[in-house]
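Trainee: Before I ask anything, let me first share the structure, which is written out below as structure tokens.
The values are calculated or read from the model by the stated rules, or taken from the named source; none is laboratory data. Given the structure is predicted, the values throughout are model-derived calculations rather than measurements. Please note: Cβ atoms are built from the backbone with ideal geometry, for glycine as well, and neighbour counts cover all protein chains shown.
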Amino acid sequence: MTRTLLGCGVVAGPLFVAATAVQAITREGFDPRRHGISLLSHGDLGWVQMANFVVSGLLVTGFAVGVSRLPHPGGRGALAAPLLGVAGLGLVLAGAFRVRSYGGFPGGASGGAPVDPSAAARDGLLHDVGTVLAINAGLLACLALARRFARSGDRGWARYSVLAAVVGAGLAWWPFGGTAVRLALVTVVLMSWVSLVAARLLREQRPRPQGAIRRPGGGSVRRGSGPRPAG
């Protein structure tokens, strides 16, 4: 079960990024330089991006449960699981409610249904709350798992996780414009990190040969299989 849950994280990143990229390329009138990826939830095909948010969020939540089942050296990485859970639920919330439309996308009426301004404002607020939760919890999860990797001797993955948090935070909170592009990039950074780290943790769960011991960095070596003295 743990391996299946970790596998949810492996799938989440490519699914979300690929589905969003295909829509951004094919949806008429969408300009990623001006339009945030959340705007893809509007229009006749808006349900595709809404489902993308929800399904990807559920996969990240499943990954969080998988992480909670892993041992955490020193207990310092235990915060990663609830933070990933919050990030996943934030994606679900962002998918369940549409951002307020802006920038002329999509062109024309959305499905021909009249829009209640108060309902649109409420939905937009809830979408923004979900987005903020997903991004910030994801950034903190990077740091929590970096601590776990460092304590287990896997310093390369620890450095990568810290780098993802720093780059992601810079993109998310840079105050000088370019919001649509920055949020698209921070999404790629965090979702890629989720999938790569999930694959790394999944490799840790491979069955080991009887008598093998785990080395720092996640590898294993059979007990007694080291160099033998000559003679």
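Trainee: Going by the conditions given, is residue 189 surrounded by fewer than 20 Cβ atoms within 10 Å (Cβ to Cβ) and part of a helix (DSSP H, G or I)? So that I can check it myself, show each step before the final result.
Mentor: Values: surrounded by fewer than 20 Cβ atoms within 10 Å (Cβ to Cβ): no; part of a helix (DSSP H, G or I): yes.
The answer is no for residue 189.
Trainee: Tell me whether the range 195-209 contains one or more residues that are exposed (fewer than 13 other Cβ atoms within 10 Å of the Cβ), over 23 Å from residue 11 (Cα atoms) and at pLDDT below 90.
Mentor: Looking for residues that are exposed (fewer than 13 other Cβ atoms within 10 Å of the Cβ), over 23 Å from residue 11 (Cα atoms) and at pLDDT below 90, one finds at least one in the range 195-209, hence yes.
Trainee: Return only the number of the condition from (1) more than 26 Å from residue 1 (Cα to Cα); (2) assigned to a loop (DSSP other than H, G, I, E, B) that residue 70 does not satisfy.
Mentor: In the conditions (1) more than 26 Å from residue 1 (Cα to Cα); (2) assigned to a loop (DSSP other than H, G, I, E, B), residue 70 misses (1) alone.
Trainee: In the range 28-52, what count of residues is obtained for those that are aromatic (Phe, Trp, Tyr) and assigned to a helix (DSSP H, G or I)?
Mentor: Just the residues of the range 28-52 that are aromatic (Phe, Trp, Tyr), to begin with: 30, 47.
Those still in the list that are assigned to a helix (DSSP H, G or I) too: 47.
Here the count works out to 1.
Trainee: Residues in the range 69-77: is at least one surrounded by fewer than 17 Cβ atoms within 10 Å (Cβ to Cβ), in contact (Cβ under 8 Å) with a residue 40 or more places away in the chain and in contact with a Phe, Trp or Tyr (Cβ under 7 Å, 6 or more places away or on another chain)?
Mentor: Among the residues of the range 69-77, not one is surrounded by fewer than 17 Cβ atoms within 10 Å (Cβ to Cβ), in contact (Cβ under 8 Å) with a residue 40 or more places away in the chain and in contact with a Phe, Trp or Tyr (Cβ under 7 Å, 6 or more places away or on another chain), which makes the answer no.
Trainee: Just to be sure before I move on: is residue 12 under 14 Å from the mean Cα position of the chain (by Cα), free of Cβ contacts under 8 Å to residues at least 40 places away in the same chain and in a helix (DSSP H, G or I) in the structure I sent? So that I can check it myself, show each step before the final result.
Mentor: Values: under 14 Å from the mean Cα position of the chain (by Cα): yes; free of Cβ contacts under 8 Å to residues at least 40 places away in the same chain: no; in a helix (DSSP H, G or I): yes.
No, not satisfied.
Trainee: Right, next: Collect the residues in the range 138-181 that are part of a helix (DSSP H, G or I), crowded, with 18+ Cβ neighbours inside 10 Å and not aliphatic (A, V, I, L, M), keeping them in residue-number order.
Mentor: 138, 142, 147, 148, 149, 157, 160, 161, 168, listed by residue number.
Trainee: If you go through the range 109-124 one residue at a time, do you hit one that is of a type in the set (Asp, Glu), assigned to a helix (DSSP H, G or I) and either modelled with pLDDT of 90 or more or crowded, with 17+ Cβ neighbours inside 10 Å (or both)?
Mentor: The initial filter retains those residues of the range 109-124 that are of a type in the set (Asp, Glu), namely 116, 123.
Imposing the further condition that a residue be assigned to a helix (DSSP H, G or I) reduces the set to 123.
Those left that are additionally either modelled with pLDDT of 90 or more or crowded, with 17+ Cβ neighbours inside 10 Å (or both): 123.
Yes, some residue in the range 109-124 is of a type in the set (Asp, Glu), assigned to a helix (DSSP H, G or I) and either modelled with pLDDT of 90 or more or crowded, with 17+ Cβ neighbours inside 10 Å (or both).
Trainee: Against the conditions (1) in a helix (DSSP H, G or I); (2) in contact with a helix residue (DSSP H, G or I) (Cβ under 6 Å, 6 or more places away or on another chain); (3) of a type outside the set (Phe, Trp, Tyr), where does residue 25 fall short? Just the number, please.
Mentor: The number of the failed condition is (2).
Trainee: Touching a residue at least 12 places away in the same chain (Cβ under 8 Å), crowded, with 17+ Cβ neighbours inside 10 Å and more than 30 Å from residue 207 (Cα to Cα): which single residue out of 40, 45, 5, 58 fits that description? Walk me through how you get there before you give the answer.
Mentor: Working: 45 fails: crowded, with 17+ Cβ neighbours inside 10 Å; 5 fails: more than 30 Å from residue 207 (Cα to Cα); 58 fails: more than 30 Å from residue 207 (Cα to Cα).
The unique qualifying residue is 40.
Trainee: On to the next question. Within the range 167-185, how many residues are out of contact with any Phe, Trp or Tyr (no Cβ under 9 Å at 6 or more places or on another chain) and under 22 Å from residue 88 (Cβ atoms)? Break it down stepwise before answering.
Mentor: Start the filter on the range 167-185 by keeping residues that are out of contact with any Phe, Trp or Tyr (no Cβ under 9 Å at 6 or more places or on another chain), which leaves 167, 169-181, 183-185.
After this cut, where a residue has to be under 22 Å from residue 88 (Cβ atoms) as well, the list is 167, 169, 171-173, 183-185.
So the count comes out to 8.
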